[in-house]
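The values are calculated or read from the model by the stated rules, or taken from the named source; none is laboratory data. Model, not experiment: these values are computed from the prediction. Neighbour counts run over all protein chains shown; Cβ positions are idealised from the backbone, glycine included. Please note that ligands, DNA and RNA were not included when accessible areas were found on the heavy atoms of the full protein model with its side chains. Shrake-Rupley method; radii C 1.70, N 1.55, O 1.52, S 1.80 Å.
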Amino acid sequence: GTRWRDLNLRMLFERLAPIEYLLIEFDGPVDLSDIGTQPKLRKLHAKCPDARVGSEHAFPAVQEAHVRWSADCTARLLGSSVRDLEWLRPSIADLLPLAHLKGLESLRVGLTSRLQSLRGLDALPKLFRLVAHDCQQLVEIGVEATCLKPEFIALHNCRNLSDLTPVRHLQRLRHLELIDCAPEVRLPASIAQKGIGLHVNPYRVKWVEGL
């Protein structure tokens, strides 16, 4: 098959005018330093699970990213300009590695057996929407103190997640969607008092009083 290094992409990108949209899909080893710094890149689609990074902050202006790559790529290539991130098969145990994405408003993570906790939500001050799907090892919300964000949470096919009582700490939560999680979920009774929109399917809810 074709090898990344045989494509001579470094020379190509050096000759191109600054780009605003980039799509990469490559299953083999990828050296993203060949792309160079792209100061005008706004939208990124990257499906390259075996990618390595040469320089940091190569994509300083990206606002929307749909990626399947390593945690090192997210840490070194994406920054506070990112508003919308979809990350498939992330190799992270919680959301703390995203703490540098201070402008993040929408996050979708999925198709991973690594993610165990949503700890780190309090480090994302602008996060409005969180969607996690097909995270079979996700077992906890991981919020232990008052947290303002997000306002919308959707959890789909996270079958080991049953204790949702920590959502009581999410002060601005307005909608909670639980689809195909554990057979029985525990929720704080205060959700009903706050008027939070709740969509639970197809299992039982155990309401925990005093929370």
Original post:
Given a Förster distance of 41 angstrom, what is the FRET efficiency for THR146 paired with GLU64, based on the Cβ-Cβ distance and rounded to 0.05?
Top reply: 0.85
Original post:
Hey, what do the phi angles of segment 73-78 turn into as Karplus ³J(HN,Hα) couplings, whole Hz, using 6.51/-1.76/1.60 and θ = phi - 60°, x for Gly and Pro?
Top reply: 5, 4, 5, 9, 9, 9
**OP:** Roll a 1.4 Å probe over the protein chains and send me the accessible area per residue for segment 69-211 in Å².
**Re:** 44 Å²
Subject >> Contact order normalised by residue count of segment 98-169, Cα under 8 Å, 6+ apart, percent >> reply: 32 percent
**OP:** Would you tally the net charge around ASP6, using a Cβ to Cβ cut-off of less than 15 Å, leaving ASP6 out, and scoring K and R as +1, D and E as -1?
**Re:** 0
Subject >> Share of carbon and sulfur in the accessible heavy-atom surface of segment 103-206 [1.4 Å probe, %] >> reply: 45 percent
Subject >> Cα gyration tensor, segment 1-49 - rounded (a/c under 1.5), prolate or oblate >> reply: oblate
Original post:
Counting pairs on different chains as well as pairs 8 or more places apart, how many Lys pairs in the chain have Cα atoms under 25 Å apart?
Top reply: 13
Subject >> Computed [θ] at 222 nm, deg cm²/dmol, the chain (DSSP H ≥ 4; -39,500 (n - 2.57); rounded to nearest 500) >> reply: -2000 deg cm²/dmol
Original post:
What are the extents of the Cα atoms of the chain along their three principal axes, listed from largest to smallest and rounded to whole Å?
Top reply: 64, 32, 22
Original post:
In segment 155-211, which trypsin sites (Lys or Arg not before Pro) are in a loop and have at most 15 other Cβ atoms within 10 Å, using DSSP for the loop call?
Top reply: ARG159, ARG172, ARG174
Original post:
Which of the peptides 59-71, 3-15 is most tightly packed, and how do the rest follow, going by the mean number of other Cβ atoms within 10 Å of each residue?
Top reply: 59-71, 3-15
